[in-house]
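Worksheet for the structure shown next.
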Amino acid sequence: MLVSTESVINRSSANRRSIQAFVAALVALSTSLVAAQSYDNRPREALSEEFKQVDEYLSRLDLTEQRILLSEAYVEKPIDQPTRRQALRGLADLYAARLMEVSGDDEKFAAYRHRVQKLVQKYPAANAPSLQVMLLQADYQRAETAASEWIADPAKTTARQTAASVLKVIAPQLTAAAKQLRDDITKGFEEVDRMPSGPNADAREREVRALEGVAGRASYFAAWANYYLAVIEGNPQSPAIPEGMKLFQGLLGIDGKNYAAVDPLQLGLTVEWRARALIGLGLSEAFVGDLDKSRRIFEILRQSDASPQIIDQSDYWFIRGLLNAKKYDDALNEAQRLVGNFQGDGSEGKISLCALIAQIGFHPPEGAPAAKMQQLGLVGIVGLAKLGRTGAAIQLLDENKIDVTGDPGFYLLWLEGQRQFAAAEETKDERAYKEAKALLVKAVAKPPSGDPGALAECQYVLGWCCYRLKEFAEASNAFRQAIAGLKLSNPKKAVESAWLAFVSLQSLAKTDPRYAAAAIDVLEDLKRDFPESSYAKKADLLIARLQQSRGSLRDSIDQLSKIPASDPNYLAAQYDLCVMLRQQIDQTADETQKQGYAKQLASASQVLNAKLNDKSSQTDRSRALRTLLMTIELSTSGLLPVDAADNGIRRAATLAAELPSSDGAVAEYHHRALLLAQQRKQPEEILTHADWILANAPDSAFATSALVVRALDIDRRIEENSTPELRTEAFDIYRQLSQRLGFAPQTLKEKKNARIAASKFAEYAELIGRRKDAATVISGLAEAFPDDKTYLQQAGRASFEAGMVEIALEHWRKLLLGLDRGSSEWFEAKSYQLACLAKTDPAGARKVLEQFKLLYPTGGPAPWRDKIKAVEQELASSR
């Protein structure tokens, strides 16, 4: 009677001691019998029975190594050839299982491999399919490495020859082994079915299941070996390709090529080798020219539950497949589309993609169109630059001697300018700095769309070029222009840029005191924008020193006050006097003294304005306007009489009308007038000035506050009377405000105002039927707050209504994983999932619906029950 291992182990202590002794004896027997086999003259039946009993017992105890030793001893006994062949086949399976167990340990794998080679050399019959697979694994890995090396650089012909010579041998061997193992597994399970239940049947089933792992490995390696063989041969008609595709499909449980019916969540892609099998299938479809099928396969990967790292590589593998298939036009178009959408920091997948297309573009396979491949390489360089990998991009630019003459666009001009600047830093050659500057000036004149960070980086390097050339005014201007963009992409460098803007002006102020005031302005901005920086902490000291370098601020004010009207610099002195008085007011604590300085400023401003005439320059008028704006600000803060603001704003309006709208003082006038109107609750005036700023200075620092004014006004008007025209206007206002504040996921996560503006933008977009805009912004919010079910729900609804069904499906799938099963929200998500699948994958939708009805035959609560019923009817009618 057969007994289980558990029942044996649970017997009395005496029995346990006898069992332990028995096992020890078996181990000793199995390790010593080899030397004594020729002396064992017992009948074959007795030898067979003894081997069978001991082997079954060791199997129940899961002692694989002892079973191997026992089998090696048994095949040396005087048994007939059929029995020996059967024993060798079993021994081969044991070695295969053991090799798979230690495949991650190179030292153990090599030791077992050596033992197997000795066994096969002595007994060729032991070379069973299971053992062949494990031994071929090392050969496959060597071939894969060589093939990948050649694919990455077609000039490495030795690697191609190595891969071809190995793959031609092992691909058919692995394919045959995989088929034989599948047959053996089928027969093994049939054998188990015929056996009586008990420990022996359980042990045999474990052996067969262990063989399943070997068979899966065989199919996996065979599929990839066939694919690489066809690629190495450059033959889409190779019989290796359909053979490999069939193996990939078998591993994944995909029936034929109806990939539209495949449910990404049913493929078990959380297991890495299954995900990589899907990648192999996608590459194979591309190689035979079925690009739509290949694209669909990589869509399945993106929509699956595979690891984020593998999903991130999906675009890389799709392009890799196109290049392996020599579909160069398609690869170029797809690469341009993908890189064109790059924003922000790069993931490993995006960086790998750019590195791939740059490498292949600049080192193309024989026969590839040179011009297109050059374009492909340039797309890779641009992609790396957009992802912030400028060092790698510049290295490729340098290595491949890229010509940037003509009109190559912002990114290549910027990178080449940066490369030449770095070279100039080595040589300190003035001409080299000038050449770098010329390129960077051209780049800044062609700003990229939607990439303020790259433009700011370019302006930053331009600032350094000008600084090295001692063109400090231009340097300061470039550094200051870079600050806004760097705040978004590189806050630390933004601080550096602000500091360098000051340093540039400080250099000028040493010989020309007029620049001291501008340098102080930069420091004041630095204190306001970067209050926590180390530079801000020493700004006050530097301001004091600047003032001291001109004499004390008080002394400078006294000195400027003494300049007579007859002096040719009198008007310039009056303007500087106003600037210094304004600074003195900020540094004075005593209210009475502040009022005294304010009156002195108002007097100097009056002088400036009184001296204006028909021959006055634009600079004189602009300065006069700025001083009037100072008096208006001081009046609203209570340091000057109220009528100073009234009189000043009227005079300022006249001056502003005489100046071109591009003059910065005019935009400042409208901003100051807007603030004054807000203080006095003059809604019409508020809107008038806000509209002027938006029409004439949309990129100024004042545009955001103007847009906020417009947004609040349109919300109020819509609340009173919502019309289609007003909703369209609101959509446009919030679109501008959202663009200005930013709606990248990271920005939405960090800035509350940006989040509010994006939500309102999406709301109005939905109201006027701009569903795609709504879906895009709400999807950004959902990405920024992946745990916020409200955003995911809004994104799912908006994407579905916009016809962006695949994106909607991703949102609803995430919700299904996180919502409480059986809740009303869960049923909503399920109804949308089914509706999405009905449009993209009807067969898959029917499967999901069938599973749903088994669990929820009533269909759930209203209204989702009715919506699911509608989907069911739609699916029924589409059969």
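Residue under question is S661, and the condition is that it be assigned to a loop (DSSP other than H, G, I, E, B), of a type in the set (S, T, Y) and on the phi < 0 side of the Ramachandran plot; does it hold? If you could, list the steps in order and put the result at the bottom.
Working: assigned to a loop (DSSP other than H, G, I, E, B): yes; of a type in the set (S, T, Y): yes; on the phi < 0 side of the Ramachandran plot: yes.
Spelling it out, S661 is indeed assigned to a loop (DSSP other than H, G, I, E, B), of a type in the set (S, T, Y) and on the phi < 0 side of the Ramachandran plot.
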**Q.** Subset tally (residues that are surrounded by fewer than 17 Cβ atoms within 10 Å (Cβ to Cβ) and over 16 Å from G321 (Cα atoms)) for the stretch 137-162
**A.** 9
**Q.** Candidate set: the stretch 651-673, residues that are touching a Ser or Thr at 6+ places or on another chain (Cβ under 7 Å) and either aliphatic (A, V, I, L, M) or surrounded by fewer than 15 Cβ atoms within 10 Å (Cβ to Cβ) (or both); chosen: the one farthest from I733 (Cα to Cα)
**A.** L659
Q.
Any residue at all in the stretch 312-330 that's under 17 Å from the mean Cα position of the chain (by Cα) and not in a helix (DSSP H, G or I)?
A. yes
Q: Kindly indicate the residue of the stretch 445-471 that is surrounded by fewer than 20 Cβ atoms within 10 Å (Cβ to Cβ) and of a type in the set (A, V, I, L, M, F, W, C) and also modelled with the lowest pLDDT among those meeting that condition.
A: A445
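Residue by residue, here is whether (1) without any contact (Cβ under 8 Å) to a residue 40 or more places away in the chain; (2) over 26 Å from H363 (Cα atoms) holds:
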position: A147; (1), (2): no, no
position: K156; (1), (2): yes, no
position: A171; (1), (2): no, yes
position: K179; (1), (2): yes, yes
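Here are A656, A604: which of them is farther than 23 Å from Y515 by Cα and modelled with pLDDT of 90 or more? Can you show your working first?
Details: A604 fails: farther than 23 Å from Y515 by Cα.
A656 is the lone residue from the list that is farther than 23 Å from Y515 by Cα and modelled with pLDDT of 90 or more.
Part of a helix (DSSP H, G or I), over 53 Å from the mean Cα position of the chain (by Cα) and crowded, with 18+ Cβ neighbours inside 10 Å: which single residue out of S635, S605, S622 fits that description? It would help to see each step written out before you state the result.
Values: S635 fails: over 53 Å from the mean Cα position of the chain (by Cα); S622 fails: over 53 Å from the mean Cα position of the chain (by Cα).
None of the others qualify; the one that does is S605.
Scan the stretch 181-215 residue by residue and report those that are within 18 Å of F248 (Cα to Cα) and either at pLDDT below 85 or hydrophobic (A, V, I, L, M, F, W, C) (or both). Explain how you work it out, then say what you get.
Quick first cut of the stretch 181-215, residues within 18 Å of F248 (Cα to Cα) only: 181-183, 212-215.
The answer is L181, E212, G213, V214, A215.
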**Q.** The lone exception for A758 - which of (1) over 22 Å from the mean Cα position of the chain (by Cα); (2) in a helix (DSSP H, G or I); (3) at pLDDT below 85 it fails
**A.** (1)
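Check the stretch 668-678 and report whether any residue there is closer than 26 Å to L486 by Cβ, more than 36 Å from the chain's Cα centre (by Cα) and not hydroxyl-bearing (S, T, Y).
Residues of the stretch 668-678 that are closer than 26 Å to L486 by Cβ, as a first pass: 668, 671.
Next, only the ones that are more than 36 Å from the chain's Cα centre (by Cα) stay: 668, 671.
Checking the rest, the ones that are also not hydroxyl-bearing (S, T, Y) come to 668, 671.
The answer is yes; a qualifying residue exists.
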Q. Looking at the stretch 187-201, which of the residues that are assigned to a helix (DSSP H, G or I) and in contact (Cβ under 8 Å) with a residue 60 or more places away in the chain is surrounded by the most Cβ atoms within 10 Å (Cβ to Cβ)?
A. P199
Q: Just need a number here: residues in the stretch 409-427 that are farther than 16 Å from T390 by Cβ and in contact (Cβ under 8 Å) with a residue 12 or more places away in the chain.
A: 1
Q. If you go through the stretch 251-266 one residue at a time, how many are touching a Pro at 6+ places or on another chain (Cβ under 9 Å) and more than 18 Å from L834 (Cα to Cα)?
A. 0
Q.
Condition first: within 19 Å of W414 (Cβ to Cβ) and either outside any helix (DSSP H, G or I) or of a type in the set (D, E) (or both). Now tell me which residues in the stretch 332-384 satisfy that.
A. F342, Q343, G344, D345, G346
Q.
With the structure loaded, tell me whether L628 is in contact with an Asp or Glu (Cβ under 7 Å, 6 or more places away or on another chain) and not polar (S, T, N, Q) or whether it fails that test.
A. no
Q: Please report, ordered by residue number, the helices (runs of 4 or more DSSP H) entirely within the stretch 386-458 with at least 1 residues that are farther than 25 Å from G361 by Cα and assigned by TED's automatic domain parsing to the domain that holds A484.
A: 410-427, 430-444
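Could you check, for the stretch 583-591, whether at least one of its residues is small (G, A, S), surrounded by fewer than 18 Cβ atoms within 10 Å (Cβ to Cβ) and not assigned by TED's automatic domain parsing to the domain that holds A673?
Yes, the stretch 583-591 contains at least one residue that is small (G, A, S), surrounded by fewer than 18 Cβ atoms within 10 Å (Cβ to Cβ) and not assigned by TED's automatic domain parsing to the domain that holds A673.
Within the stretch 51-134, which helices (runs of 4 or more DSSP H) (wholly inside it) include 2 or more residues that are modelled with pLDDT of 80 or more and surrounded by 20 or more Cβ atoms within 10 Å (Cβ to Cβ)?
Because the criterion is at least 2 residues that are modelled with pLDDT of 80 or more and surrounded by 20 or more Cβ atoms within 10 Å (Cβ to Cβ), the helices (runs of 4 or more DSSP H) in the stretch 51-134 that meet it are 64-74.
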Q: Write out, first by first residue and then by second, each pair whose Cβ atoms fall under 7 Å of each other, whose residues are 6+ apart or on separate chains, and whose first residue, in the stretch 697-712, is assigned by TED's automatic domain parsing to the domain that holds Q682 while the second is surrounded by fewer than 22 Cβ atoms within 10 Å (Cβ to Cβ) and polar (S, T, N, Q).
A: L707/Q736
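Would you mind finding the one in D699, D715, D691 that is under 24 Å from Q481 (Cα atoms), surrounded by fewer than 17 Cβ atoms within 10 Å (Cβ to Cβ) and out of contact with any Ser or Thr (no Cβ under 9 Å at 6 or more places or on another chain)?
Numbers: D715 fails: under 24 Å from Q481 (Cα atoms); D691 fails: under 24 Å from Q481 (Cα atoms).
Going through D699, D715, D691 in turn, just one is under 24 Å from Q481 (Cα atoms), surrounded by fewer than 17 Cβ atoms within 10 Å (Cβ to Cβ) and out of contact with any Ser or Thr (no Cβ under 9 Å at 6 or more places or on another chain): D699.
Considering only residues of the stretch 723-752 that are touching a residue at least 12 places away in the same chain (Cβ under 8 Å) and β-branched (V, I, T), which is surrounded by the most Cβ atoms within 10 Å (Cβ to Cβ)?
Looking only at the stretch 723-752, we keep the residues that are touching a residue at least 12 places away in the same chain (Cβ under 8 Å), and these are 724, 726-731, 733-738, 740-749.
Imposing the further condition that a residue be β-branched (V, I, T) reduces the set to 728, 733, 747.
On the way: T728: 15, I733: 24, T747: 18.
The selected residue is I733.
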Q: Filter the stretch 255-275 down to the residues that are over 21 Å from K814 (Cβ atoms) and surrounded by fewer than 18 Cβ atoms within 10 Å (Cβ to Cβ), then identify the one that is nearest to the chain's Cα centre (by Cα).
A: E272
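Here is a yes/no grid of residues against (1) modelled with pLDDT of 85 or more; (2) of a type in the set (G, A, S); (3) more than 16 Å from C354 (Cβ to Cβ):
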{"residue": "P369", "(1), (2), (3)": "yes, no, yes"}
{"residue": "G377", "(1), (2), (3)": "yes, yes, no"}
{"residue": "G383", "(1), (2), (3)": "yes, yes, no"}
{"residue": "I402", "(1), (2), (3)": "no, no, no"}
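The values are calculated or read from the model by the stated rules, or taken from the named source; none is laboratory data. Since the model is a prediction, treat every value here as computed from it, not as a measurement. With ideal geometry, Cβ positions are generated from the backbone for all residues, glycine too; neighbour counts draw on all protein chains shown.
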